[in-house]
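Scroll down for the structure; my scribbles are underneath it.
The values are calculated or read from the model by the stated rules, or taken from the named source; none is laboratory data. Just so it is clear, the structure is predicted and the values come from calculations on it, not from any experiment. When we count neighbours, we look across all protein chains shown, and the Cβ atoms used for this are built from the backbone with ideal geometry, even at glycine. Note: accessible area is taken over every heavy atom of the protein model, side chains too, but ligands, DNA and RNA are not part of it. Shrake-Rupley method; radii C 1.70, N 1.55, O 1.52, S 1.80 Å.
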Amino acid sequence: RANKVSNICCIGAGYVGGPTCAVIAKNNPDITVTVVDLSEPRIAAWCSPALPIFEPGLYDVVQVARDGTDGRTPNLYFSTNISQAIDEADLIFISVNTPTKTAGRGAGSASDLAYVESAARHIAEVARSDKIIVEKSTVPCGTAGSLRDIFNALAPSVHFDILSNPEFLAEGTAINDLVKPDRILIGSLTDERSVSAAEALADVYAAWVPRERIITINLWSSELAKLAANCMLAQRISSINSLSAICEATGANIEELSYAVGLDTRIGSKMLKASAGFGGSCFKKDVLSLVFIAESLHLPEVANYWKSVVDINEYQKDRFTKRITKSMYNTLARKKIAVLGFAYKKNTGDTRESAAISVIGQLITERANVAIFDPQVKEEQILRDLAAEHPAQIVRDSVTVYADAISACADACAVVILTEWDHFKTDQIPEPRPDVDLGALHAMDERALSNHHSIASSDSGIDVVDGSADSSPTIKPIVQQPASVKTNGQRIDWYKIAATMRRPRLVFDGRNVVDPRRLASLGFKVESIGKRG
Ligand code: NAD
Ligand code: UGA
């Protein structure tokens, strides 16, 4: 094998494989990159203008590499012909899902490596020439050893160099994270061939990443570093969320606390935003995977320490829902509760492990009528996610999904915010003057509110979707289309929501996305995470 990569195959066209290979292909016009998957609909979507995942800026990159929009020869392909792509490649990324095991030893905790194993077996069956195999999936420490065993047993005449190259992108900012990574980690063994394989992979990234950011370390350190990074990020959120409970009980303010603590350069300000609990496909599974590794190594104290990160997250989701129930006189039955946001974070349509699934589950168990709006998540997805975890009949009877926020909130007894979409921000509402009695405004009637609306709207100068101050702008679901979607500047119309909601216009902000004082000036009563109601 020449020490230069000219053909890459990526097994797994998901949230990691697709965007990562699009950026690699765009920056390496001389390398042919083929992303393969077992899922035909997923590959068909990658080949179309309606990509299977929503990610800001992704379509622009795909268009350049896949369609040659800037006049270059296309070098990015998506295919279900896995065998052919393996055969032709000299470097293969394994970027398949590694969920938590659901049965057998380690169920509920250990990583399920079945998809990694099936990808490795497929490679071993097809490969006739030497290959560099790159673990892109997040895997337990030692997985490269298992891959080596599979290749030795199934394809002893082919030489495989196995590298670890974990991915650190976050959804919603994936393109930026890939274009300007903090670091690229490449783990390898220390023999000459392995080091040369690591250099070949480093060259691929060096097309756009400064060399000093490409770190080569020992294979096992690299595998473990990925798990450790996610665990430490999740731990920060659980730390701040545990402190939010103390804030609510004492009158301290979690945002002031995060700010004050984060100014210490040793601590830093990122990942310190209190929430109704972290979600996403990885934090919980990766923390639990580390817990399982520690247990397997007979390190129960270590396992318990990390387990508490997940426990606090479950506690936080539960605590938030109990607060809603308590503030609504412990009776939610037949009350309409509007939920704004279902994705696990803003700027993604991904709902895996979203806090919304647990919080809404508890609301419908209390027999509330839940009205949901998310600008990016489709109705089928929301109903599927809820029915997977809660009795399907109750979901059908209690949940309605709306295409706009105003309809979801009309006649609602409370609004619950579960995703920090910019759309929900309140910056179009003017700051109340310090002398305004916000308490009196809670009783503001619809007439006063609409007067207030026209004055405030003309003052604010904020560009809402439909532009005019007295139309009642609603936002429509965003459809990922050829041009990158611009969501900035779109805001839901809180004036209109105030006019159509039931009093006392309760808002439970699980993301601290709204300004309680501005909403109070429209007669809302806001309860935020980590702040006294
Ligand atoms: P995903 O579920 O979106 O995509 C995985 C894809 O692999 C699926 O489309 C599946 O059909 C395909 N697949 C599974 N087995 C296959 C096989 N044998 N042959 C061909 N295709 C196969 O998963 P993801 O979110 O892209 O995550 C992939 C890995 O990257 C995981 O280990 C995850 O922990 C890690 N990771 C994810 C993120 C993230 O933001 N989602 C970030 C960093 C790391
Ligand atoms: C996370 C990591 O940030 C990535 O580095 C990693 O590559 C990825 O997991 C992975 O391995 O899958 P992601 O889950 O996409 O990325 O998004 P984050 O921005 O980390 O947010 C995760 C969850 O924590 C979201 O629900 C988010 O709302 C929540 N969060 C985040 C908080 O509650 N507070 C914060 O301060 C930050």
**Message:** If I take every Cα pair under 8 Å that is 6 or more residues apart in the chain, average their sequence separation and divide by the length, what percent do I get for the relative contact order?
**Reply:** 13
**Estimated vicinal HN-Hα couplings, Hz - the stretch 124-139 in sequence order (Karplus 6.51, -1.76, 1.60; Gly, Pro = x)** = 4, 5, 9, 5, 10, 10, 4, 9, 9, 9, 10, 6, 9, 4, 7, 9
**Message:** So if I place +1 on the C-beta of Lys and Arg and -1 on the C-beta of Asp and Glu, and nothing else carries charge, what would the dipole magnitude of the stretch 195-292 be about its Cα centre? I want it in debye, nearest 20.
**Reply:** 100
**Prompt:** Pulled fully out, how much extra length does the chain show between residue 154 and residue 70, if you take 0.36 nm times their separation in residues and subtract their Cα-Cα distance?
**Reply:** 25.9 nm
**Asked** Over the stretch 81-223, what relative contact order in percent results from Cα pairs under 8 Å that are six or more residues apart?
**Response** 21
**Request:** Please tell me which of these pairs span more than 23 angstrom C-alpha to C-alpha: 378/425; 273/345; 307/531; 26/285; 378/531?
**Result:** 307/531; 26/285; 378/531
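Would the stretch 324-435 count as rounded, prolate or oblate if I go by the C-alpha gyration tensor, calling it rounded below 1.5 in a/c and otherwise prolate when a/b exceeds b/c, oblate otherwise?
Here the stretch 324-435 falls in the oblate category.
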**Request:** List the aspartates and glutamates whose Cα lies under 20 Å from the Cα of residue 101, skipping any in the same chain that are fewer than 8 positions away.
**Result:** 112, 117, 135, 223, 286, 295, 311, 314, 353, 385, 389
**Asked** Under 12 Å Cα-Cα from residue 322, which aspartates and glutamates qualify once same-chain neighbours fewer than 8 residues away are excluded?
**Response** 366
**Prompt:** Taking amide hydrogens as modeled 1.01 Å from N in the peptide plane, which residues meet the under 5 Å criterion relative to residue 187, leaving out close sequence neighbours?
**Reply:** 164, 165, 217
**Fill in**
Summing -39500 (n - 2.57) over every DSSP H run of at least 4 residues in the chain and dividing by its residue count gives a helix-only mean residue ellipticity at 222 nm, to the nearest 500 deg cm²/dmol, of -13000 deg cm²/dmol
**Prompt:** According to the Cα gyration tensor, what semi-axes, each the square root of 5 times an eigenvalue, does the equivalent ellipsoid of the chain have, listed from largest to smallest in whole Å?
**Reply:** 45, 26, 21
**Item:** Proximal lysines to residue 131, defined as alpha-carbon separation beneath 20 angstrom and excluding residues fewer than eight positions away on the same chain
**Value:** 4
**Prompt:** Between residue 125 and residue 216, what is the label-to-label distance in nm when each label sits 7 Å out along the Cα-to-Cβ direction?
**Reply:** 3.4
**Request:** Name the shape class, rounded, prolate or oblate, that the alpha-carbon gyration tensor gives for the stretch 25-167, where a ≥ b ≥ c are the square roots of its eigenvalues, rounded holds for a/c under 1.5, and otherwise prolate holds if a/b is larger than b/c and oblate otherwise.
**Result:** oblate
**Asked** Which whole-angstrom value gives the distance between the alpha carbon centres of the stretch 374-392 and the stretch 280-317?
**Response** 26
**Item:** Estimated distance in nm for a label pair at residue 532 and residue 394, the labels positioned 7 Å out from Cα along Cα-to-Cβ
**Value:** 3.5
**Complete:** Pseudo-spin-label distance residue 266 to residue 302, built 7 Å along Cα→Cβ, given in nm, is 2.4
**Fill in**
Given backbone amide H placed at 1.01 Å from N, residues whose amide H is under 5 Å from that of residue 339, ignoring those fewer than 5 places away on the same chain, are 371, 372, 373, 416
**Request:** Set the Förster distance to 30 Å, then compute FRET efficiency between residue 325 and residue 102 from the Cβ-Cβ distance, nearest 0.05.
**Result:** 0.50
**Request:** List, in order, the whole-Hz ³J(HN,Hα) value for each residue of the stretch 193-200 obtained from phi through the Karplus relation with A = 6.51, B = -1.76, C = 1.60 and θ = phi - 60°; use x for Gly and Pro.
**Result:** 5, 5, 4, 5, 5, 4, 5, 4
**Item:** Long-range amide H partners of residue 209 with built H, under 5 Å
**Value:** none
**Message:** Starting from 0.36 nm per residue, how many nanometres of slack lie between residue 195 and residue 47 once their C-alpha separation is accounted for?
**Reply:** 49.7 nm
**Message:** Could you compute the net charge surrounding residue 409? Neighbours are other residues with a C-beta less than 12 Å from the C-beta of residue 409; K and R count +1, D and E count -1.
**Reply:** +1
**Message:** As a test of reading the structure, rank 208, 46 by solvent-accessible area (1.4 Å probe, protein chains only), most first.
**Reply:** 208, 46
**Item:** Net charge over other residues, Cβ less than 13 angstrom from the Cβ of residue 359 (K, R count +1; D, E count -1)
**Value:** -2
